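Some notes on the structure that comes next.
The values are calculated or read from the model by the stated rules, or taken from the named source; none is laboratory data. The shown structure was predicted, so the numbers you read here are calculated from the model rather than taken from an experiment. Backbone-built Cβ (ideal geometry, glycine too); neighbour counts: all protein chains shown.
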Amino acid sequence: MKNIVILISGGGSNMAAIVKAAQNEAWASRYGAQIAAVISNKADAEGLAYARTQGIATAVVDHKQFAQAEDPRAAFDAELAKVIDKFEPHLVVLAGFMRILTEGFVLRYAGRLINIHPSLLPAFAGLRTHQRAIEAGCKVAGATVHRVTPELDHGPILGQVTVPVLPGDTPASLSARVLSQEHLLYPRVVAELLRAGI
Ligand code: GRF
């Protein structure tokens, strides 16, 4: 079985969309793949409860517990990798995982680490993407699924979706429009990767 491990920090709606697609499209029999675990850096991430209701293993690695380490980022990433590796992942899916990852972590999962970013990369890497798209006067916005490389929000693009930016849009209204499309894009890209035999 190809194990998929999903990392979240909050609501986990993209994670839930992937879990639902895996169930509805029978990824286990079709691709020999399963969502093996959902891991969060926040114990109160709402998505963890959903994952548990679906019988999926969950784990928390709290980044704050590494604040005193000599290199907090490296210490957190090392512990996170230890927990991830227990599930022998074929694919590690970042879904609203709000951590900048060290190069060591990214290279450890080279070729099997993907992320979703709520902008049409390479435009608007980083934070506050919807506000920046509105301020720039963009007529379209969207989301990108990409391979993760050491440079933040810059890996090879695997899939994109566009939505219109409408007059009067706020970051919240645009974010909701983009997010509803993310929920279609992300499971589709994961399924494509599984089909391609990654
Ligand atoms: C999404 O917009 C995703 O693109 C971004 O963070 C948000 C996470 O939402 N990286 P959710 O936790 O999947 O609901």
Original post:
From the list Ala95, Ala67, which one is surrounded by fewer than 16 Cβ atoms within 10 Å (Cβ to Cβ) and of a type in the set (Gly, Ala, Ser)?
Top reply: Ala67
**OP:** Give the residue that is surrounded by the most Cβ atoms within 10 Å (Cβ to Cβ), with candidates limited to residues of region 37-50 that are away from the ligand (no atom under 12 Å from the Cβ) and under 22 Å from Lys2 (Cα atoms).
**Re:** Ile39
Subject >> Selection status of Asn3, away from the ligand (no atom under 15 Å from the Cβ) and either modelled with pLDDT under 95 or surrounded by fewer than 15 Cβ atoms within 10 Å (Cβ to Cβ) (or both) >> reply: no
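Can you go through Ala74, Ala81, Ala123 and tell me which one is within 16 Å of the ligand (Cβ to nearest atom), of a type in the set (Gly, Ala, Ser) and on the phi < 0 side of the Ramachandran plot?
Ala123
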**OP:** Mind listing whichever residues of region 10-34 are within 13 Å of the ligand (Cβ to nearest atom) and either under 12 Å from Tyr186 (Cα atoms) or not in a loop (DSSP other than H, G, I, E, B) (or both)?
**Re:** Ser13, Asn14, Met15, Ala16, Ala17, Ile18, Val19, Lys20
**OP:** Return the total of residues in region 148-184 being without any contact (Cβ under 8 Å) to a residue 12 or more places away in the chain and in a loop (DSSP other than H, G, I, E, B).
**Re:** 5
